[in-house]
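**Q** Here it is: the structure, laid out below.
Every number in this text was worked out from the coordinates using simple rules, so none of it is lab data. Computed from a predicted structure; not experimentally measured. Neighbour counts run over all protein chains shown; Cβ positions are idealised from the backbone, glycine included.
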Amino acid sequence: MKLRSLLLAATASFAILALGGCAKQTAAEIQSGVAKAQAAGDKNVADVQRVASDRLDTAQAEVNDARKDLAHEDALGTRRVTVAEAEAAHKVSLERCMAHAGDEKTRCQSQADADFVAAKANADATKVATDPKG
């Protein structure tokens, strides 16, 4: 029991000393602390917003680049397909020309060649018009 009383007395003494050592802040000190905390919070929010905005700008630039790459690949693919179709049509036309003889055959082949050249030129013009990379 004596030990318990001693322990209780020691705890009470410690509590009194601890509470007595805490100085109360004045209203001005509290307001100053609040203002500092608010300013620090505002700065932190601004920094986070700036970083988020920068990351968003970077992501948007990457999306724009990807769209440009997609349009470029589409233009190249369309040109390749158009030229392949023109080559196939050219071969068929030349085979049909074999049914003719002499000048008629020569004119037919010349027309088939001219059609092929025109189809390739159209494919090239379409590519240039639709390709953002030129």
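**Q** Could you tally the net charge around A119, taking each other residue with its Cβ under 12 Å from the Cβ of A119, Lys/Arg +1 and Asp/Glu -1?
**A** Spelling it out: positives minus negatives among the neighbours equals -3.
**Q** Provide, in order from the shortest bin, the percent of all Cα-Cα pairs of the range 83-134 in each 10 Å bin, continuing until the bin that contains the maximum pair distance.
**A** Over the range 83-134, the share of Cα pairs per 10 Å bin runs 27, 40, 21, 10, 3 percent.
**Q** Please pull out the direction-averaged projected area of the range 42-134, using the convex hull of its alpha-carbon atoms, in nm² to one decimal place. Mind showing how you got there, number by number?
**A** On the way: hull surface 26.0 nm².
For the range 42-134, averaging the hull's shadow over all directions gives 6.5 nm².
**Q** If you don't mind, there's one more thing I want to ask. With θ taken as phi - 60° and the coefficients 6.51, -1.76 and 1.60, list the Karplus ³J(HN,Hα) couplings across the range 120-134 in order, rounded to whole Hz; mark glycine and proline as x.
**A** Per residue, the Karplus-derived 3J(HN,Hα) values read 5, 5, 5, 4, 5, 5, 5, 4, 4, 6, 9, 8, x, 9, x Hz.
**Q** Per-residue HN-Hα couplings for the range 47-54, Karplus 6.51 cos²θ - 1.76 cosθ + 1.60 at θ = phi - 60°, whole Hz, x for Gly and Pro?
**A** Using θ = phi - 60°, the values come out as 5, 5, 5, 5, 4, 4, 5, 4 Hz.
**Q** Within the range 42-134, how many lysine pairs that are 8 or more places apart, or on different chains, have C-alpha atoms less than 17 Å apart? Before the final figure, lay out the partial values.
**A** On the way: K68/K127; K68/K133; K91/K105; K91/K120.
Going through the range 42-134 pair by pair, I get 4.
**Q** Cβ neighbours within 10 Å, averaged per peptide: list 38-48, 121-131 in order, most packed at the top. All intermediate terms of the calculation are to be shown ahead of the outcome.
**A** Details: 38-48: 10.0, 121-131: 13.8.
Going by the mean number of other Cβ atoms within 10 Å, highest first, we get 121-131, 38-48.
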